[in-house]
Structure formats: C-alpha cells, structure tokens
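The values are calculated or read from the model by the stated rules, or taken from the named source; none is laboratory data. Keep in mind that this is a model prediction, so the values were computed, not measured. Here the Cβ positions follow ideal geometry from the backbone for every residue, glycine too, while neighbour counts run over all protein chains shown.
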Amino acid sequence: MNGSADEEFVYDEASGEWIPASQVAANAAAAGAVEVRDSVGNLLADGDSVTLIKDLKVKGANQVLKRGTVIRSIRLTGDAQEIDCRHDTIKGLVLRAEFVKKG
C-alpha cells in the first residue's frame, strides 16, 4: 500500500482494490479535464502558440486580427472551444479554438 499511515483509502469497485483518496480525486480531475483542440484537431495546452486561420474582427476593439497572426502563450479557460490570449494591442482577448491552428 502506498501513502501515509493516516491517509484515507477508498474501495474502487472497478479494480477491486483499496486506493488512496488522493488518487481518487486526481483520477476524477483527469476525467473531468476538458480537451481543447484547434481547427485541425491538434490538442492545445497552456503556453502553446497558435496562428489565426482567418481574419477576425474583434468586438469592442474596432480592430481586425489578420490571418497568419501568431498568438503566443495561450491559456485554457476550461471551455472546450475558448482560449484566453494576449495580444500587444488587445487586452483580455478570448478566441474560439476553431479559428486557430497550433504552431
């Protein structure tokens, strides 16, 4: 058995074993994690750089981000289709994953 002497254990019916409660929590978090994929199906992660695949008019900024613009250091939001981005001229930019390509 792994874990400290005072750690709680939970019976896992799927495996028929007693496992640490901390492992159950970690497994639940991993199962609930949202996968964010770009326009061609590549899995995105925090810190990735993405390229816009089409011109996008930014609401509230009176600006158009051109196709081919590279956005660096994205952050995932927990939504499967939205990513939080930073751009030199736009603060608080959120893009839909369907309009970007990893790379």
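Within segment 33-42, none of the residues are over 15 Å from the mean Cα position of the chain (by Cα) and either in a strand (DSSP E or B) or of a type in the set (Ser, Thr, Tyr) (or both).
Scan segment 64-74 for residues that are surrounded by 13 or more Cβ atoms within 10 Å (Cβ to Cβ) and either of a type in the set (Lys, Arg) or more than 12 Å from Leu44 (Cα to Cα) (or both) and the total you get is 3.
Inside segment 51-76, residues that are modelled with pLDDT of 90 or more, more than 21 Å from the chain's Cα centre (by Cα) and not in a strand (DSSP E or B) make up a count of 5. Filter segment 82-98 for residues that are among the aliphatic types (A, V, I, L, M) and more than 16 Å from Ser49 (Cβ to Cβ); which is surrounded by the fewest Cβ atoms within 10 Å (Cβ to Cβ)? Out of the qualifying residues, it is Val94.
The condition of being assigned to a loop (DSSP other than H, G, I, E, B), of a type in the set (D, E, K, R), surrounded by fewer than 12 Cβ atoms within 10 Å (Cβ to Cβ) and out of contact with any helix residue (DSSP H, G or I) (no Cβ under 7 Å at 6 or more places or on another chain) holds for only one of Asp46, Asp79, that being Asp46.
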